[in-house]
Amino acid sequence: MLVRMINRDPAVNRRRVLLAVGGVSLTSALASRLHGSRPEGPGSADRGQHPQARHGQPSHGQAGPATAPAYPLDRPLYYIDNADKAIALTIDDGPSPVYTPQVLDLLAEYHVTATFSMIGIHVAAYPYLARAVTEAGHRIANHTWTHADLAGLPARSVHGQLSRTSDAIHAATGVRPTLFRAPYGAWTRAVIRQCEQMRMLPVDWSVDPRDWARPGVRHIVRDIMDKTRPGSIILEHDGGGNRSQTVAALRIVLPRLLAEGYRFQTP
């Protein structure tokens, strides 16, 4: 079983990457090959050649019916199938009563479908927003109950974080999520195993403009446009703080990406 843990804590700007199989360290070359040539973690500007993903779901406009992922899987999904210049937009850490409606308006304006990775406590607080996301044709991914760093938690706690969130999403929308994103990209054997037990596809990302750090609209736009390739999974945020820069950046990049011939899908 492959384990990849990436911990990124905005408070102290720390980051660590650990790769192991059965507790034995891997060389970076082997780890890159096993992970589909994803060098240096989510901030890397050059991802190299990536494998064709098996789980891309066309959804330029409306997302089709969710399907259970194929198992076993020993790693998260970093790319989607890049046929027809397909890319995926993922929006994390909501729902937010301030920014989620703004993001939904932009997506509707440009007929783009996205995946919203939602935190359970926010879904419980704002169930009407989760319903609005689903009713607009977008997909919701489980993003844990409290945005916990799962790398340091025992399996029992991992189960609680994921199951409680899936229950909240189901209560709000009538749909159980079939996608999961680990906060901070912290993937462990226990997390992957829990995803398999709950029939959720683990989804990571390949383009991270670090919008959560509020680096400026120009930086976010430049980073997305420079690093997006067919098959890319783009990470953005509608929760966790002031996301006005994210909204402003999306207003710029969505029409640009569409003009360049990209088509939006959900994993």
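The values are calculated or read from the model by the stated rules, or taken from the named source; none is laboratory data. These numbers come from a predicted model, not from an experiment. Ideal geometry is used to build each Cβ from the backbone, glycine not excepted, and the neighbour counts take in all protein chains shown.
Please specify each residue of region 178-199 satisfying the condition of being over 13 Å from the mean Cα position of the chain (by Cα), in contact (Cβ under 8 Å) with a residue 60 or more places away in the chain and assigned to a loop (DSSP other than H, G, I, E, B).
The answer is THR188, ARG199.
Go through region 238-249 and report how many residues are buried (at least 22 other Cβ atoms within 10 Å of the Cβ) and within 16 Å of the chain's Cα centre (by Cα).
Of the residues in region 238-249, 3 are buried (at least 22 other Cβ atoms within 10 Å of the Cβ) and within 16 Å of the chain's Cα centre (by Cα).
Looking for something more than 23 Å from VAL123 (Cα to Cα), at pLDDT 95 or above, surrounded by fewer than 23 Cβ atoms within 10 Å (Cβ to Cβ) and in contact with a Gly (Cβ under 8 Å, 6 or more places away or on another chain) - is there at least one such residue anywhere in region 254-267?
The answer is no; no qualifying residue exists.
Could you please find all residues in region 217-246 being under 19 Å from ILE140 (Cα atoms) and aliphatic (A, V, I, L, M)?
Passing the criteria: ILE233, ILE234, LEU235.
Quick one: in region 215-228, of everything that is surrounded by 17 or more Cβ atoms within 10 Å (Cβ to Cβ) and charged (D, E, K, R), which residue is nearest to ALA88 (Cα to Cα)?
Going through the qualifying residues, I end up with LYS227.
Quick one: in region 178-196, of everything that is of a type outside the set (A, V, I, L, M), more than 15 Å from PRO154 (Cβ to Cβ) and out of contact with any Lys or Arg (no Cβ under 8 Å at 6 or more places or on another chain), which residue is surrounded by the most Cβ atoms within 10 Å (Cβ to Cβ)? Before you say what the answer is, go through the steps one by one.
Narrowing region 178-196 to residues of a type outside the set (A, V, I, L, M): 178, 180-181, 183-185, 187-189, 193-196.
Adding the requirement that they be more than 15 Å from PRO154 (Cβ to Cβ) leaves 178, 180-181, 183-185, 187, 195-196.
Still in the list and also out of contact with any Lys or Arg (no Cβ under 8 Å at 6 or more places or on another chain): 180-181, 183, 195-196.
Values: PHE180: 25, ARG181: 28, PRO183: 21, CYS195: 25, GLU196: 16.
Applying the filter and picking the extreme gives ARG181.
Identify, from the list LEU235, LEU162, the residue that is assigned to a strand (DSSP E or B), closer than 24 Å to TYR126 by Cα and within 18 Å of the chain's Cα centre (by Cα).
After ruling out the rest, the residue left standing is LEU235.
Any idea which residue in region 213-229 is nearest to GLN265 (Cα to Cα), counting only those that are out of contact with any Pro (no Cβ under 6 Å at 6 or more places or on another chain) and charged (D, E, K, R)?
ARG229
Among (1) of a type outside the set (Gly, Ala, Ser); (2) in contact with a strand residue (DSSP E or B) (Cβ under 7 Å, 6 or more places away or on another chain); (3) assigned to a loop (DSSP other than H, G, I, E, B), which single condition is TRP212 missing?
(3)
How many of the residues making up region 93-124 are within 12 Å of THR165 (Cα to Cα) and not β-branched (Val, Ile, Thr)?
5
Testing SER206 on (1) out of contact with any Phe, Trp or Tyr (no Cβ under 7 Å at 6 or more places or on another chain); (2) hydroxyl-bearing (Ser, Thr, Tyr); (3) buried (at least 21 other Cβ atoms within 10 Å of the Cβ), one condition comes back false. Which one is that?
Going through (1) out of contact with any Phe, Trp or Tyr (no Cβ under 7 Å at 6 or more places or on another chain); (2) hydroxyl-bearing (Ser, Thr, Tyr); (3) buried (at least 21 other Cβ atoms within 10 Å of the Cβ) one by one, SER206 breaks only (1).
For every residue, the table says whether it meets (1) at pLDDT 95 or above; (2) in a helix (DSSP H, G or I); (3) within 17 Å of the chain's Cα centre (by Cα); (4) within 22 Å of TRP187 (Cβ to Cβ).
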| site | (1), (2), (3), (4) |
| --- | --- |
| SER96 | yes, no, yes, no |
| LEU104 | yes, yes, yes, no |
| LEU129 | yes, yes, no, no |
| TRP145 | yes, no, yes, yes |
| SER166 | yes, yes, yes, yes |
| HIS170 | yes, yes, no, no |
